[in-house]
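Heads up, the thing below is written out as structure tokens.
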Amino acid sequence: MKPEEIRVCVLRIEGTNCEDEMADAFRMAGAQAEKVHLKQLTGETFPEMKRNLEDYDILALPGGFAAGDYVRAGAIFAARIKSALGRDVKKFVEDGKPVLGVCNGFQVLVELGLLPALDGTMSPVPTAALYTNDSGRFECRPTVVRNDNGGRCIFTSSVERGKLMMIPSAHAEGRLMSRDLDFIRKLEENDQVVFRYVRDDGGKAEYPWNPNGSESDIAGICNPAGNVMGMMPHPERVVTRFTHPDWTRNCPGGEGDGLQIFRSVVDRLG
């Protein structure tokens, strides 16, 4: 499959607000990207606007505040997906098709049970959650993450292990936690840890370098198969150097750190 033949579904509902940037990032990586409302997949729209999930090669869940983040962040969006498209989404993942969730999208994937998915493709109930930041407030700041994945994750297949990337964060609930006391160990043993927050020199993060207090400084994880990834920082916001905070001092042009994530999955499928 050629990159330009790859079709990306950027799924949105009321309250998502990063679908434009997400679609543009995939287009910059060479793929076709379409912003699709959930009702277009469920058939609650005009016939000419109906879409089928199986026609797409990648599913992407953008950031924002879907359905106002009532109940819990991402919970309503996840419930609506599961009730209407649960089987379709599960088959999509089992067919090996990639799924990306960024920020609010990560929260949705956890609520859906697609992450961390330690007990199967889609857990019947959430086994983890993105809790309120340790600071108790919304954190919007540049963050540095390190690729700690050993090669399982399709979204970092072209990113050198140990590479530092400046990818900004903007969230109020990003602290990954689980009732499972062995949660972190299981993620590490399965090579499911993708990104960790670090200092700008690569050292161990503390606040504000870890903006939420996530255990083991985890910023992103994948499922055991490596085709579903969720991360709290926003790679779609730094696909060019012009949106890096230091762009006037360092490399005032060219590609941004986030583009490599989108390129990785498009190149793998292509």
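All of the numbers you see were taken from the coordinates with simple rules; none came from a lab. No experiment lies behind these values; they were computed from the predicted model shown. Here the Cβ is made from the backbone with ideal geometry for all residues, glycine too, and neighbour counts use every protein chain on show.
With the cut-off at 24 Å, tell me which of the pairs LYS39/LYS91; LYS163/LYS204; LYS2/LYS163 have Cα atoms farther apart than that.
Numbers: LYS39/LYS91 19 Å; LYS163/LYS204 14 Å; LYS2/LYS163 27 Å.
Those over the limit are LYS2/LYS163.
Summary of packing: across the peptides 48-56, 171-179, the per-residue average of other C-beta atoms within 10 Å ranks them, highest first, as 171-179, 48-56.
When the GluC sites (Glu not before Pro) in region 58-162 are filtered for DSSP coil states and for at most 10 other beta-carbon atoms within 10 Å of their beta-carbon, the remaining sites are GLU160. Among beta bridges identified by DSSP and lying wholly in the chain, the antiparallel ones come to about 60 percent. Once the other residues with Cβ under 9 Å from the Cβ of ASN133 are scored (Lys, Arg +1; Asp, Glu -1), what is the net sum? Taking every other residue near ASN133 into account, the sum is -1. Summary of the geometry: region 124-148 and region 173-221, compared by the centres of their Cα atoms, lie 8 Å apart.
Looking at the square roots a ≥ b ≥ c of the eigenvalues of the Cα gyration tensor of region 7-85, which shape do they give, rounded for a/c under 1.5, prolate if a/b is larger than b/c, or oblate? Present the calculation step by step, with values, prior to reporting the outcome.
Details: a/c = 2.02, a/b = 1.20, b/c = 1.68.
Because a/c hits 1.5 or more and a/b fails to exceed b/c, region 7-85 counts as oblate.
Measuring r between the beta carbons of ALA225 and ASP201 and using R0 = 30 Å, the FRET efficiency lands at 0.35.
A straight chain from GLU4 to ASN250 at 0.36 nm per residue would run longer than the Cα-Cα distance by 85.4 nm. Between the alpha-carbon centers of region 89-119 and region 27-83, tell me the distance in whole angstrom. What the calculation gives is 13 Å, centre to centre.
By average Cβ neighbour count within 10 Å, what is the ranking of 117-127, 213-223 from highest down? Let's see the in-between values first.
Details: 117-127: 15.6, 213-223: 23.2.
Ranking the peptides 117-127, 213-223 by packing returns 213-223, 117-127.
A Gaussian network model of the chain, with springs between Cα atoms under 10 Å, assigns the largest mean-square fluctuation among VAL89, VAL194, VAL110 to VAL89.
Evaluate the charge dipole of region 3-269 about its Cα centre and quote only its size in Debye, nearest 20, assuming +1 on the Cβ of each Lys and Arg and -1 on the Cβ of each Asp and Glu.
Taking the Cα centre of region 3-269 as origin, the dipole is about 180 debye.
Just from its helices, what would the mean residue ellipticity at 222 nm be for the chain, if runs of 4 or more DSSP H residues each count -39500 (n - 2.57) and the sum is divided by every residue, rounded to the nearest 500 deg cm²/dmol?
Working: 6 runs with 62 residues, N = 270.
The helix-only estimate for the chain comes to -7000 deg cm²/dmol at 222 nm.
List HIS37, HIS244 from most exposed to least, where exposure is judged by having the fewest other Cβ atoms within 10 Å.
Details: HIS37 17, HIS244 21.
Ordered by Cβ neighbours within 10 Å, fewest first: HIS37, HIS244.
Scanning residues 5 or more positions from LYS163 or on other chains, those with amide H under 5 Å from its amide H are ASN147, with H placed 1.01 Å from N in the peptide plane.
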